[in-house]
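A short write-up of the structure that comes next.
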Amino acid sequence: MNPTTEALARKNRTLLRYQVLLTALAVLIWWLLRGSDAAIAAGYGGAVTIIATLLLGWRMLRAGRETRLDPRKSMQILYVGAAGRFLLTVALFAFGIGYFKLDPPAMIVGFMLAQLAYIFVGLGTQRASD
């Protein structure tokens with residue numbers, strides 16, 4: 001693995017750790033406020049973010065390998081991956097609400113809290129470069 005790809009993988013692992021912690025926080029808050037059904041929904045929402053991040057990490061590693069061969073192909077991999085993550089997120093939310101009958105507000109809050117990890121990891125990178 002080249003240094004850039006290794007750095008991306010390391011950053012993705014950090015991002016996943018933050019997402020797991022924030023999802024656990026969402027589960028705890030919803031459990032305390034509204035019980036186990038809402039906590040499960042919040043966990044599901046956080047899991048949607050984590051699954052999308054895993055897909056992003058896989059696509060980034062794949063794009064990193066392709067960059068050496070064809071930069072255009074690398075960008076194509078990232079664009080297709082972004083569209084795929086969006087569609088996956090919509091499908092998982094529809095499945096959670098439609099099939100599992102999960103509480104939509106709890107799912108959305110769990111999803112949003114886990115998404116905050118992108119900000120925390122980005123801010124950590126900003127501070128490290130200053």
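The values are calculated or read from the model by the stated rules, or taken from the named source; none is laboratory data. Computed from a prediction, not measured in an experiment: that's the story for all the values here. Because the Cβ atoms are built from the backbone with ideal geometry, glycine has one as well, and the counts that use them run over all protein chains shown.
Listed values, structure above:
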read-out: So W58, is it part of a helix (DSSP H, G or I) and either more than 25 Å from R10 (Cβ to Cβ) or among the basic types (K, R) (or both); value: no
read-out: Filter result for T23 (surrounded by 19 or more Cβ atoms within 10 Å (Cβ to Cβ), of a type in the set (S, T, N, Q), assigned to a helix (DSSP H, G or I) and touching a residue at least 24 places away in the same chain (Cβ under 8 Å)); value: yes
read-out: Residue that is farthest from V48 (Cα to Cα) [pool: residues in the range 1-28 that are at pLDDT 80 or above and among the hydroxyl-bearing types (S, T, Y)]; value: T14
read-out: Residues within the range 89-104 that are free of Cβ contacts under 8 Å to residues at least 40 places away in the same chain and outside any loop (DSSP other than H, G, I, E, B), tallied; value: 6
read-out: Residue match in the range 79-102 (condition: over 30 Å from R10 (Cβ atoms) and β-branched (V, I, T)); value: yes
read-out: Any pair with Cβ under 7 angstrom, 6 or more apart, that starts in the range 1-16 at a residue that is in a helix (DSSP H, G or I) and ends at one that is modelled with pLDDT of 85 or more and surrounded by fewer than 16 Cβ atoms within 10 Å (Cβ to Cβ); value: L15/Y118
read-out: Test: residue in the range 67-83 that is touching a Pro at 6+ places or on another chain (Cβ under 9 Å), part of a helix (DSSP H, G or I) and surrounded by 13 or more Cβ atoms within 10 Å (Cβ to Cβ); value: no
read-out: All positions within the range 34-55 that are surrounded by fewer than 19 Cβ atoms within 10 Å (Cβ to Cβ), free of Cβ contacts under 8 Å to residues at least 60 places away in the same chain and part of a helix (DSSP H, G or I); value: S36, I51, L54, L55
